[in-house]
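J.: Structure incoming, see below.
The values are calculated or read from the model by the stated rules, or taken from the named source; none is laboratory data. This is a predicted model, so every value here is computed, not measured. Note that we place each Cβ from the backbone using ideal geometry, even for glycine, and neighbour counts take in every protein chain shown.
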Number of protein chains: 2
Amino acid sequence: MAKRIFNFNAGPSTLPLDVLKIVQNELLDYRGTGMSVMEISHRSPEFDEINESAMALTRELMGLDDKYHVMFLTGGASTQFALIPINFAADGKKGAYVDTGTWSTKAIKEANILGGAHLAGSSKDNEYRYIPKIADLDVPSDSAFLHITTNNTIKGTQWHETPEFAGVPLIADMSSDILSRQIDFGKYAMIYGGAQKNLGPSGTCLVVMHDDLLQKCKDGNPSMWDYRTHAAKKSLYNTPPSLTIYIVKLVLEWIKGQGGLAAVEKTNQSKKDIIYGLMDQYPDYFKGTAKKDSRSWMNITMRLPNEDLEKKLIADAKAAGFGGLKGHRSVGGIRVSLYNAMSLEGAQKVAAFMEEFKKVNS
Amino acid sequence: MAKRIFNFNAGPSTLPLDVLKIVQNELLDYRGTGMSVMEISHRSPEFDEINESAMALTRELMGLDDKYHVMFLTGGASTQFALIPINFAADGKKGAYVDTGTWSTKAIKEANILGGAHLAGSSKDNEYRYIPKIADLDVPSDSAFLHITTNNTIKGTQWHETPEFAGVPLIADMSSDILSRQIDFGKYAMIYGGAQKNLGPSGTCLVVMHDDLLQKCKDGNPSMWDYRTHAAKKSLYNTPPSLTIYIVKLVLEWIKGQGGLAAVEKTNQSKKDIIYGLMDQYPDYFKGTAKKDSRSWMNITMRLPNEDLEKKLIADAKAAGFGGLKGHRSVGGIRVSLYNAMSLEGAQKVAAFMEEFKKVNS
């Protein structure tokens, strides 16, 4: 029996134990082939089934039709920060970006290297503690696209409404909240996310793109940077990260098996309510860093009364079997990441631990 | 006991069983952390040890000092086809390329999208059955670099000498023969290769680059496309494909455990001698497609007297426990891939099978 901790890492992060057990059981012989899944050809019927299933499950869970292309690319969201402007911000048209902290700041930086970005809104004025109001955004009607980061892993904020501007395709980096609750994915022209939070191991970036946007890709880019290459070849233009895609497919099956996004949302809501409930009970001890109306369901960030207490909580938690509670190195503090694979039990137990810690250390 | 076949796939390809068993054993709990290796943070001491070991082992096996940067990137060799010209073919200086078939042709295609390539040599005149002679190459002394593909998976050819042109940095795509024998890696300014043949699963591309070349990277590219980003951050600028890098590190340890490249070379030499020996014994039946002086040690390509026999051999072989013998879809025929992880026993047994097949089907 393998020892397992409650793992609150922000990414790479905890995965469903049932998925890991399947990977383990099939590792030397993938379903009677006599090969590991990582030893089979990406042109084989076995991998084709994995790839097709992963694409179909993505569409099914998102409630999208086949006007959306599903791609499993590489280079993480960080590569998308460059691919989006080189494909879509052509002919002098810029993308509009909302800056909600580290990751959107990075996306804007890359766009500026590649011809410029229009700043549609920002919460930098208050250390990115909130999501700007949609009514306050400045999105020119001729913008190439509007780019948002739906969940901000480091700052602990999340968009709870979808900004819509007629004629402006909406592009979202959903790396840290993809498939965590029900939203209208059909409002987005492009959704992308590194797999390493809600989808699987690191090593692939899911890109879901409406065909209308795909057709706007600029000509003249290298093959690997043109989304049309990957859409046409179903991510098999070159050798894909097949082991990673296989695990992503198992995670998608696991999400479906939980009851899809309706069920996942219900559990995620309960999990975040437990932690935020504790913080609201003791607001002078567990001091949330995000404004209440912008709180993330996925990454709950807080400061304790002082740094020594933070260090002690992280150390005591580790000893008690709760890992990954340290805030991002750029902001410090405590962060409780509650991705899909974290159980309700894990949230309950860490909350009980934190409450007890407060009693002992006040 | 898992069923295992002899897997002659050209990539993704067979991996050492000992490595797969370690992955399997550690899959739910990586060395007492209570987490799978794919669930741990890429900023943790555990992953840092994996990454540092993989870099150090690469240098050790190649006999290189720390003037060489070792990077584990993503996007495969196909992404390098674009990154090389955008970083090094600046200021009107072009790269010189030798075209030895499919993969070098693709590298040239991407260079042409990005400002042009100088054709230093080609074996297209004879269906890429040979490697051009070094004396016949046309490499202008002001070339930004010289690019070669050391082993040609599809055409079954391999460079057996290293081209050296004073003042012209040598860049090699070694995807399909990296770490398969002793060569003077110090003659190369840059070595790169997709992991999925000799190094591990697909999903990472090893890039080894001398610091002199690194310093020539052109300014103004997006962060992810500038090698200096990755060299400075030891491949951790963004979340790396950590599961894949972990397995690559285990494969590097396995190579070292075999006795390093001297021992691996000896085995690989014996393996290819067995198959080419059979072909030379029956040259009208097992008709090699590569010229003798250009034969690959890694991918042995041949045609049988007719296509029906080829189909029958592939089917009979599969039934007898030998997989992956079908030639690339672009050329047909039979291909015996003999990467490091294929055992001497596998080469002996498939040769015996082939000889028996000839006796029965002549």
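J.: Find the residue count for region B:10-28, including only residues that are at the interface with chain A (Cβ under 7 Å from one of its Cβ atoms) and either buried (at least 19 other Cβ atoms within 10 Å of the Cβ) or in contact (Cβ under 8 Å) with a residue 12 or more places away in the chain (or both).
T.: Total meeting the criteria: 9.
J.: Given the criterion within 14 Å of chain B (Cβ to nearest Cβ), surrounded by fewer than 17 Cβ atoms within 10 Å (Cβ to Cβ) and modelled with pLDDT of 95 or more, identify the matching residue among A:A320, A:A263, A:A341, A:A315.
T.: Working: A:A263 fails: within 14 Å of chain B (Cβ to nearest Cβ); A:A341 fails: surrounded by fewer than 17 Cβ atoms within 10 Å (Cβ to Cβ); A:A315 fails: within 14 Å of chain B (Cβ to nearest Cβ).
A:A320 is the lone residue from the list that is within 14 Å of chain B (Cβ to nearest Cβ), surrounded by fewer than 17 Cβ atoms within 10 Å (Cβ to Cβ) and modelled with pLDDT of 95 or more.
J.: Filter region B:29-38 for residues that are more than 7 Å from every other protein chain (Cβ to nearest Cβ) and touching a Phe, Trp or Tyr at 6+ places or on another chain (Cβ under 9 Å); which is farthest from B:N299 (Cα to Cα)?
T.: The selected residue is B:Y30.
J.: Something else now. Does B:L199 meet the test of being touching a residue at least 24 places away in the same chain (Cβ under 8 Å), touching a strand residue (DSSP E or B) at 6+ places or on another chain (Cβ under 9 Å), away from chain A (no Cβ under 12 Å) and of a type outside the set (S, T, N, Q)? Before you say what the answer is, go through the steps one by one.
T.: Working: touching a residue at least 24 places away in the same chain (Cβ under 8 Å): yes; touching a strand residue (DSSP E or B) at 6+ places or on another chain (Cβ under 9 Å): yes; away from chain A (no Cβ under 12 Å): no; of a type outside the set (S, T, N, Q): yes.
For B:L199, the condition - touching a residue at least 24 places away in the same chain (Cβ under 8 Å), touching a strand residue (DSSP E or B) at 6+ places or on another chain (Cβ under 9 Å), away from chain A (no Cβ under 12 Å) and of a type outside the set (S, T, N, Q) - is not met.
J.: Inside region B:276-303, can you point out the residues that are more than 19 Å from B:K349 (Cα to Cα) and touching a Gly at 6+ places or on another chain (Cβ under 9 Å)? Reasoning before the result, please.
T.: Within region B:276-303, the first condition is being more than 19 Å from B:K349 (Cα to Cα), and the residues that meet it are B:283-284, B:287-296, B:303.
Listed by number, the residues that qualify are B:K287, B:G288, B:T289, B:A290, B:S294, B:R295, B:S296, B:R303.
J.: Examine region A:9-27 for a residue that is over 25 Å from A:G193 (Cα atoms), outside the structural domain of A:L199 (by TED's automatic domain parsing), over 17 Å from the mean Cα position of the chain (by Cα) and assigned to a loop (DSSP other than H, G, I, E, B), and state whether such a residue exists. Reasoning before the result, please.
T.: Taking region A:9-27 as the starting set, the residues that turn out to be over 25 Å from A:G193 (Cα atoms) are A:24-27.
After this cut, where a residue has to be outside the structural domain of A:L199 (by TED's automatic domain parsing) as well, the list is none.
No, that holds for no residue.
J.: Suppose the filter is without any contact (Cβ under 8 Å) to a residue 40 or more places away in the chain and within 25 Å of B:I113 (Cβ to Cβ); does A:P241 pass it? Walk me through it before giving the result.
T.: On the way: without any contact (Cβ under 8 Å) to a residue 40 or more places away in the chain: no; within 25 Å of B:I113 (Cβ to Cβ): yes.
The answer is no for A:P241.
J.: Within region A:225-244, take every residue that is in contact with a Pro (Cβ under 7 Å, 6 or more places away or on another chain) and either part of a helix (DSSP H, G or I) or more than 10 Å from chain B (Cβ to nearest Cβ) (or both) and give me the one that is nearest to B:E110 (Cα to Cα).
T.: A:S242
J.: Quick check on B:K197: is it outside the structural domain of B:T100 (by TED's automatic domain parsing), under 22 Å from the mean Cα position of the chain (by Cα) and not hydrophobic (A, V, I, L, M, F, W, C)? Give the derivation first.
T.: Details: outside the structural domain of B:T100 (by TED's automatic domain parsing): no; under 22 Å from the mean Cα position of the chain (by Cα): yes; not hydrophobic (A, V, I, L, M, F, W, C): yes.
When the stated conditions are applied, B:K197 does not pass them.
Quick grid of which residues meet (1) in contact with a strand residue (DSSP E or B) (Cβ under 6 Å, 6 or more places away or on another chain); (2) closer than 24 Å to B:G200 by Cα; (3) surrounded by 20 or more Cβ atoms within 10 Å (Cβ to Cβ); (4) without any contact (Cβ under 8 Å) to a residue 24 or more places away in the chain:
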residue: B:H230; (1), (2), (3), (4): yes, yes, yes, no
residue: B:V248; (1), (2), (3), (4): no, yes, yes, no
residue: B:I255; (1), (2), (3), (4): no, yes, yes, no
residue: B:D273; (1), (2), (3), (4): no, no, no, yes
residue: B:D293; (1), (2), (3), (4): no, no, no, no
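J.: Okay, next question. Does B:Y276 qualify as being of a type in the set (F, W, Y) and in a helix (DSSP H, G or I)? Break it down stepwise before answering.
T.: Values: of a type in the set (F, W, Y): yes; in a helix (DSSP H, G or I): yes.
In short, yes.
J.: Criterion first (of a type outside the set (S, T, Y) and closer than 20 Å to B:G186 by Cβ) does B:H69 satisfy it?
T.: Values: of a type outside the set (S, T, Y): yes; closer than 20 Å to B:G186 by Cβ: yes.
Against the criterion (of a type outside the set (S, T, Y) and closer than 20 Å to B:G186 by Cβ), B:H69 qualifies.
Results for (1) in the same structural domain as A:P241 (by TED's automatic domain parsing); (2) under 18 Å from A:G11 (Cα atoms); (3) in contact with a helix residue (DSSP H, G or I) (Cβ under 8 Å, 6 or more places away or on another chain), shown as yes or no for each residue.
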| residue | (1), (2), (3) |
| --- | --- |
| A:L137 | yes, no, no |
| A:T153 | yes, yes, yes |
| A:V168 | yes, no, no |
| A:D173 | yes, yes, yes |
| A:Q182 | yes, no, yes |
| A:I191 | yes, no, yes |
| A:H210 | yes, no, no |
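J.: So which pairs qualify, if the first residue must be in region A:129-158 and on the phi > 0 side of the Ramachandran plot, the second must be part of a strand (DSSP E or B) and of a type in the set (S, T, N, Q), the Cβ gap must be under 9 Å, and the two must be at least 6 apart or on different chains?
T.: Every condition considered, the pairs that remain are A:G156/A:N299; A:G156/A:T301.
J.: Determine whether A:S223 is modelled with pLDDT of 95 or more and either in contact with a Gly (Cβ under 8 Å, 6 or more places away or on another chain) or not assigned by TED's automatic domain parsing to the domain that holds A:V70 (or both).
T.: Numbers: modelled with pLDDT of 95 or more: yes; either in contact with a Gly (Cβ under 8 Å, 6 or more places away or on another chain) or not assigned by TED's automatic domain parsing to the domain that holds A:V70 (or both): no.
No; evaluated as a whole, the condition is false for this residue.
J.: So, A:A90, is that one over 30 Å from B:S13 (Cβ atoms), of a type in the set (A, V, I, L, M), more than 14 Å from every other protein chain (Cβ to nearest Cβ) and assigned to a loop (DSSP other than H, G, I, E, B) or not? Steps first, please.
T.: Values: over 30 Å from B:S13 (Cβ atoms): yes; of a type in the set (A, V, I, L, M): yes; more than 14 Å from every other protein chain (Cβ to nearest Cβ): yes; assigned to a loop (DSSP other than H, G, I, E, B): yes.
So A:A90 fits the description; yes.
J.: Next question. Output the number of the condition that A:T58 fails; it satisfies all remaining conditions of (1) assigned by TED's automatic domain parsing to the domain that holds A:L179; (2) over 30 Å from A:N152 (Cα atoms).
T.: That leaves (2) as the condition not met.
J.: Mind listing whichever residues of region A:295-312 are surrounded by fewer than 20 Cβ atoms within 10 Å (Cβ to Cβ) and not in a strand (DSSP E or B)? Before you say what the answer is, go through the steps one by one.
T.: Taking region A:295-312 first, the residues surrounded by fewer than 20 Cβ atoms within 10 Å (Cβ to Cβ) are A:303, A:305-312.
Listed by number, the residues that qualify are A:P305, A:N306, A:E307, A:D308, A:L309, A:E310, A:K311, A:K312.
J.: To continue, here is another question. Tell me the residue from B:E60, B:E46, B:E52 that is of a type in the set (D, E) and under 21 Å from B:A172 (Cβ atoms), please. It would help to see each step written out before you state the result.
T.: On the way: B:E46 fails: under 21 Å from B:A172 (Cβ atoms); B:E52 fails: under 21 Å from B:A172 (Cβ atoms).
Going through B:E60, B:E46, B:E52 in turn, the sole match is B:E60.
J.: With respect to B:T244, is the statement that it is of a type in the set (S, T, N, Q) and in the same structural domain as B:M342 (by TED's automatic domain parsing) true? Lay out the reasoning, then the answer.
T.: On the way: of a type in the set (S, T, N, Q): yes; in the same structural domain as B:M342 (by TED's automatic domain parsing): no.
The answer is no for B:T244.
J.: Tell me, please, whether a residue that is on the phi > 0 side of the Ramachandran plot and either modelled with pLDDT of 95 or more or facing chain B (nearest Cβ under 8 Å) (or both) can be found in region A:39-52.
T.: Checked against the condition, which is being on the phi > 0 side of the Ramachandran plot and either modelled with pLDDT of 95 or more or facing chain B (nearest Cβ under 8 Å) (or both), region A:39-52 yields no hits at all.
J.: Out of all the residues in region A:347-360, is one or more assigned to a loop (DSSP other than H, G, I, E, B), away from chain B (no Cβ under 14 Å), closer than 22 Å to A:T14 by Cβ and out of contact with any Cys (no Cβ under 8 Å at 6 or more places or on another chain)? Full working, then the answer.
T.: Initially, region A:347-360 is screened for residues assigned to a loop (DSSP other than H, G, I, E, B), giving none.
No.
J.: Suppose the filter is in a loop (DSSP other than H, G, I, E, B) and of a type in the set (V, I, T); does A:T33 pass it? Before the answer, list the steps.
T.: On the way: in a loop (DSSP other than H, G, I, E, B): yes; of a type in the set (V, I, T): yes.
It is true that A:T33 is in a loop (DSSP other than H, G, I, E, B) and of a type in the set (V, I, T).
J.: If you don't mind, another one. Filter region A:205-224 down to the residues that are more than 8 Å from chain B (Cβ to nearest Cβ) and outside any strand (DSSP E or B) and list them by number.
T.: In the first step, residues of region A:205-224 are kept if they are more than 8 Å from chain B (Cβ to nearest Cβ); the result is A:205-219.
A:D211, A:D212, A:L213, A:L214, A:Q215, A:K216, A:C217, A:K218, A:D219 - these are the residues of region A:205-224 that are more than 8 Å from chain B (Cβ to nearest Cβ) and outside any strand (DSSP E or B).
J.: Among the residues of region A:61-71, is any in contact with a Lys or Arg (Cβ under 8 Å, 6 or more places away or on another chain), in a loop (DSSP other than H, G, I, E, B) and surrounded by 21 or more Cβ atoms within 10 Å (Cβ to Cβ)?
T.: Checked against the condition, which is being in contact with a Lys or Arg (Cβ under 8 Å, 6 or more places away or on another chain), in a loop (DSSP other than H, G, I, E, B) and surrounded by 21 or more Cβ atoms within 10 Å (Cβ to Cβ), region A:61-71 yields no hits at all.
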